[in-house]
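> What follows is a structure written as structure tokens; I'll ask about it next.
The values are calculated or read from the model by the stated rules, or taken from the named source; none is laboratory data. Fair warning: this is a prediction, and the values are worked out from it, not measured in the lab. Backbone-built Cβ (ideal geometry, glycine too); neighbour counts: all protein chains shown.
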Amino acid sequence: RGKKSIERVTELMKDPKHIRNIGIVAHIDHGKTTLSDNLLSGAGIISEELAGKQLFMDSDEEEQARGITIDASNVSMVHEYEGVDYLVNMIDTPGHVDFGGDVTRAMRAVDGAVVLVDAVEGTMPQTETVLRQALKEQVRPVLFINKVDRLINELKVDDTEMQIRLGKVIDKVNKLIKGMNEEAYNNGWKLDASKGTVAFGSALYNWAVSVPFMQKSGISFKVVYEKCRAGDMKYLAKNSPLSEVVLDMVVRHLPNPLEAQPRRVNVIWHGDKETKEGKSMLACDPKGPVAMMVTDISFDPHAGEVATGRLFSGSLKRGDGLYVMGAAKKENRLQQVGIFMGPKRVEVEEIVAGNIAAVTGLKDAIVGSTISSLMEMTPFESLKHYSEPVMTVAVEAKNMKDLPKLVEVLRQVAKEDPTLNISINEETGEHLIAGMGELHLEIITGRIKRDKGVEIITSPPIVVYRETVTGKVENVEGKSPNRHNRFYFTLSPLPDEIVALIKSGDVSMNQQALERRDVLIKAGMDKDEAKSVKDIKGTSMLIDMTKGIQYLNETMELIIEGIHEALAGGPLADEPVQNLKMVLTDVKLHEDAIHRGPAQVIPAVRGAIKGGMLLAGDSLLEPVQKIQITVPMDQMGAATSQIQGRRGQVFDMQSEGDTITVAGKAPVAELFGFAGDIRSATEGRAMWNTEFAGFELVPNNMVKEVVIGIRKRKGLKDQMPQPNDYLAV
Ligand code: GDP
């Protein structure tokens, strides 16, 4: 134990063959926190006594009070396997669906995942979501089936039935893997208990088994079953210890950075593989240029902003000057270079490629930034979020004198959590925070009050809508206030296939133009259009089909700015615009630069897009959530009416034993107070969860009411807007 100290960790960090970067992914309540704590204590980073008593990774008070894990934080531990020491860097990921964005970021940093499934509940919707995130990032999974003690002692299944049940969980997870990444599944990622890519046990009682471990130790399945049945958890924890079995599986089956990077870099980085940085990342070369992806930003009261991320190439040392892609081309100087060991950050001399680093001094970095020693390199693919902000709260400082502090705090919060959409209005002092659900926003506003010490007043949450078009308008004209500049756009819905490619990151402004063109042509886009993409914002696209227009190049930046303003708030209700295809068909520009400045170009473009959208058949979209409710059979009626009564739709019912699971969907706008209502309707006997299911059209007969409602709230004219409100000068 003694030598498994910081020195040992820093020694191992230099040798990527002996590193495993992993995350644990699970549905909420399946036991991720318990597993993390007990792995850590077993690996000797914290004492056994501490684990269990204290939720080690949940260093945030809020998380402890709620008993859920919110922030992804990192720990490193040393594990000995077949006489050799390995460094296991574990990133914690949140289990609650409202924090899906954090899972995505964590998966970017790691190479392998322990998928944790409750043996009693089986796979749940959130298991599916997190597994999908892992496989998208080419992160290899192994399986840990938890709470086997409950199967044996509460459900009292016999040992044959137990094997059948475990087999079913494995089959289900395999089916998911195959469906999500068939290529990987066929190339060895299929889970196989006999090969040791599956372990099962009890995180709470600190024991686990796998087939290879049973063979090695001589402890049979039957012995495990009987000892558990007899309640002799001590025997199992001693002879079949959780951390040994699980970490053996991790070290043996999850890839080291040298093995993982070629596969992963190919998917998460679209630059030229023949460049110095490309080659170096594929080889995980510590001598190559620095290439790091920032996956987390936190604040340390002493050191300030700490950026955590995966180092794919090069080495980091204090004092190094690095560049943040997408920011000003100005060197950021590294101050501290370290790793996380629990909530503590430990400074080290140097960090080499393949590790997860925590550094200070990167003042221009945000979550998702690409950091390099090169002034310019193709950035990593941006982080994809499977959820989008669907609810907003307005916050104000209680005391006006706190306003500057609140603005500062909101900027920090926005940096820490990229799934939030924060708009700051320094003039009115009313700021909007858009998040992924009621709980997400409650936690963020709670944090602002508690951690940052700013007293705030919070409005009740409001649903975030979207605007888009359902039809087409051609050559709509936008005039500048001085009438000397004119812009013509054709607007239509961006086809679903292309929206999907943008969402998956397969089409982006980060990739090379040629590669983007080819993907778009394959998806059915016209060749000339495919090579003329000028901007992608959210899921909307600007295409420039004009030819040989003088001064257009130098005006393009302003045009894009005008487009961004229109997309940030559409014509109907000033809500974000999505899935809009904007083709620039003609432009007339004043020949004197002074007459085609920002004050002329931006309003002309913004007006053309907004007015054009109304002409093209504007429509309002609302966020919808998938709902799954499990109740005793006789409560089925109560459960279905809770969904149907909320403009919802039930699409599946499945019974198991004496319970039934009802699945459906309903608009977020109707889900306020759902928790309380479902509880009282079912006398507290329902288990339920919700998950973001995308945006859908607001029913026609409701659009006007909703639009006017939003406009009133925002202080806009309380009438349905007309095209000429935007097009007329
Ligand atoms: P998380 O939400 O995934 O982090 O889950 P937690 O680790 O907080 O565990 C949720 C609940 O399940 C807690 O009450 C744990 O004590 C309990 N739990 C976790 N693992 C086991 C286990 O192996 N057996 C039993 N019986 N309970 C467990």
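> Quick check on this structure: which one of Ala693, Ala663, Ala669, Ala675 is touching a residue at least 12 places away in the same chain (Cβ under 8 Å), part of a helix (DSSP H, G or I) and small (Gly, Ala, Ser)?
Values: Ala693 fails: part of a helix (DSSP H, G or I); Ala663 fails: part of a helix (DSSP H, G or I); Ala675 fails: touching a residue at least 12 places away in the same chain (Cβ under 8 Å).
Unique residue meeting the criteria: Ala669.
> For Leu176, are the conditions met, namely being assigned to a helix (DSSP H, G or I), in contact with a strand residue (DSSP E or B) (Cβ under 7 Å, 6 or more places away or on another chain), in contact (Cβ under 8 Å) with a residue 12 or more places away in the chain and within 23 Å of Arg252 (Cα to Cα)?
Numbers: assigned to a helix (DSSP H, G or I): yes; in contact with a strand residue (DSSP E or B) (Cβ under 7 Å, 6 or more places away or on another chain): no; in contact (Cβ under 8 Å) with a residue 12 or more places away in the chain: yes; within 23 Å of Arg252 (Cα to Cα): yes.
Taking the combined requirement at face value, the residue does not satisfy it.
> Considering only segment 315-424, give the strands (runs of 3 or more DSSP E) lying wholly within it that have at least 2 residues that are buried (at least 20 other Cβ atoms within 10 Å of the Cβ) and not hydroxyl-bearing (Ser, Thr, Tyr). Even if it seems obvious, please write down each step before you answer.
On the way: elements: 315-317, 321-324, 337-341, 344-347, 350-352, 356-360, 370-372, 391-397, 421-423.
Filter on segment 315-424 gives 321-324, 337-341, 350-352, 356-360, 391-397.
> Any chance segment 202-218 includes a residue that's outside any helix (DSSP H, G or I), away from the ligand (no atom under 16 Å from the Cβ) and modelled with pLDDT under 95?
Checked against the condition, which is being outside any helix (DSSP H, G or I), away from the ligand (no atom under 16 Å from the Cβ) and modelled with pLDDT under 95, segment 202-218 yields at least one hit.
Here is a yes/no grid of residues against (1) modelled with pLDDT under 90; (2) within 14 Å of the ligand (Cβ to nearest atom); (3) surrounded by 17 or more Cβ atoms within 10 Å (Cβ to Cβ); (4) assigned to a helix (DSSP H, G or I):
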site: Gly2; (1), (2), (3), (4): yes, no, no, no
site: Ile22; (1), (2), (3), (4): no, no, yes, no
site: Ser36; (1), (2), (3), (4): yes, yes, yes, yes
site: Gly44; (1), (2), (3), (4): yes, no, yes, no
site: Glu49; (1), (2), (3), (4): yes, no, no, no
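> Additional query: When you go through Lys147, Lys156 one by one, which is the residue that is on the phi > 0 side of the Ramachandran plot and within 11 Å of the ligand (Cβ to nearest atom)?
Details: Lys156 fails: within 11 Å of the ligand (Cβ to nearest atom).
Among Lys147, Lys156, only Lys147 is on the phi > 0 side of the Ramachandran plot and within 11 Å of the ligand (Cβ to nearest atom).
> Looking at (1) within 18 Å of Pro603 (Cα to Cα); (2) more than 27 Å from the chain's Cα centre (by Cα), which is the only condition Glu529 fails?
With respect to (1) within 18 Å of Pro603 (Cα to Cα); (2) more than 27 Å from the chain's Cα centre (by Cα), Glu529 is out only on (1).
> Something else: Tell me which of these Arg105 doesn't satisfy, since it passes every other one: (1) crowded, with 24+ Cβ neighbours inside 10 Å; (2) modelled with pLDDT of 90 or more; (3) more than 16 Å from the ligand (Cβ to nearest atom).
(2)
> From the residues in segment 205-225 that are within 40 Å of the chain's Cα centre (by Cα) and aliphatic (A, V, I, L, M), which one is surrounded by the most Cβ atoms within 10 Å (Cβ to Cβ)?
Ala208
> Kindly indicate whether any position in segment 567-583 is surrounded by 15 or more Cβ atoms within 10 Å (Cβ to Cβ) and assigned to a helix (DSSP H, G or I).
Restricting attention to segment 567-583, the residues satisfying the condition of being surrounded by 15 or more Cβ atoms within 10 Å (Cβ to Cβ) are 567-583.
So of that shortlist, the ones also assigned to a helix (DSSP H, G or I) come out as 567-568.
Yes, that holds for at least one residue.
> Name the residues in segment 137-149 that are assigned to a helix (DSSP H, G or I) and out of contact with any Phe, Trp or Tyr (no Cβ under 9 Å at 6 or more places or on another chain), would you? Lay out the reasoning, then the answer.
To start, the set of residues in segment 137-149 that are assigned to a helix (DSSP H, G or I) comprises 148-149.
Across segment 137-149, there are no qualifying residues.
> Condition first: part of a loop (DSSP other than H, G, I, E, B), within 16 Å of the ligand (Cβ to nearest atom), touching a residue at least 40 places away in the same chain (Cβ under 8 Å) and surrounded by fewer than 19 Cβ atoms within 10 Å (Cβ to Cβ). Can you find one or more residues in segment 233-246 that meet it?
Taking segment 233-246 and keeping what is part of a loop (DSSP other than H, G, I, E, B), we get 240.
Imposing the further condition that a residue be within 16 Å of the ligand (Cβ to nearest atom) reduces the set to 240.
From what's left, touching a residue at least 40 places away in the same chain (Cβ under 8 Å): none.
No, there is no match, as no residue in segment 233-246 is part of a loop (DSSP other than H, G, I, E, B), within 16 Å of the ligand (Cβ to nearest atom), touching a residue at least 40 places away in the same chain (Cβ under 8 Å) and surrounded by fewer than 19 Cβ atoms within 10 Å (Cβ to Cβ).
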